[in-house]
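One structure below.
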Amino acid sequence: AILAHDLDMSGTELDDTATPQRRLVSAMRLTAASRWVLAARLLDTLSDADIAALDPVNAYRARVLRGWTIVASGRPAADALPALDAAVASAVQDTALRGHLTFAYGQAKQATTDRNDPLWGFDEALSIDRAALATTGEGLLRLSWRGSAYALTGSTSQAIGDLSVVTSRIDDGTMGLGDGVFHALLGFAHWMSGEWRRASITIGLADMLSTQIPTYFFLVAS
C-alpha cells in the first residue's frame, strides 16, 4: 500500500519505541509522503544490528531509505554512503526503490569521490544524448542524477538541459520520483545562470509540489 502511495491504507505513524519492523514501515510511509526529515530521524533509531535482523528485502529497504532520506533532507550526502554501499551489495533487492537508490547513491558517490577519479555512473552517462536517455525509465533516472550533479557543480547550461527534460516527464506523469526536488534543482541552476524570473517560477513549482525540499534552494532564490 505504501509503495503504491495509498497512504490511507498504510496505518499511522509510529515512534522509536516500536519494533524495528514497524519503525521501518512508518519511515516508508513518511518517505512516501515526502516527510523526509522525520523519516530520517526515525531511521536513525535503527541500529545496524536492528537492520541486519530484518528479513532481507526489508533490510535492503531500510538501507536505501536511510540513504535517500539523508540526501533528500539536506544532510551531508557522504553520510548516506555506508547504508547505500550495503544496499548495493545486497543479494536481495526491491526494484520499487531503484530510483531512490540510483539518485541517492549517485549523490553520495559524488560527495566522496576525488575529483581526479572517475565518478560512479557519470562517465558512461556523460556521452549519451539526453533525448536517448529520456526514452527509458532507467535512462530518466540517470538523466535526473546527471542533471543534479551538473547543477551542484556549477555546469548550469548542462543542468538546465537535463533537468528540463526530467521535470517535464514529472509534470506529464511519466516519472514520479522527486516530489519537487528536481524542480528545485532546475530553479537553482536557472538562478546560478542569472535567469532570475525562470528561477522564481521553477522554485515556486517546487514549493507547490513539496514542503520538504531542503531550504537551501529556496534561500538562494529569495
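Inspect all residues belonging to the stretch 133-151 and state whether any of them is within 15 Å of the chain's Cα centre (by Cα), within 17 Å of SER73 (Cα to Cα) and modelled with pLDDT under 75.
The answer is no, given that none of the residues of the stretch 133-151 is within 15 Å of the chain's Cα centre (by Cα), within 17 Å of SER73 (Cα to Cα) and modelled with pLDDT under 75.
Determine, yes or no, whether GLY194 is under 19 Å from GLU138 (Cα atoms), assigned to a loop (DSSP other than H, G, I, E, B) and out of contact with any Phe, Trp or Tyr (no Cβ under 9 Å at 6 or more places or on another chain).
The answer is no for GLY194.
Would you check if there is a residue in the stretch 63-71 being modelled with pLDDT under 90 and not in a loop (DSSP other than H, G, I, E, B)?
yes
Taking the stretch 54-66 as the region of interest, how many residues are under 16 Å from ASP79 (Cβ atoms) and small (Gly, Ala, Ser)?
Adding up the residues that qualify gives 1.
The values are calculated or read from the model by the stated rules, or taken from the named source; none is laboratory data. Fair warning: this is a prediction, and the values are worked out from it, not measured in the lab. With ideal geometry, Cβ positions are generated from the backbone for all residues, glycine too; neighbour counts draw on all protein chains shown.
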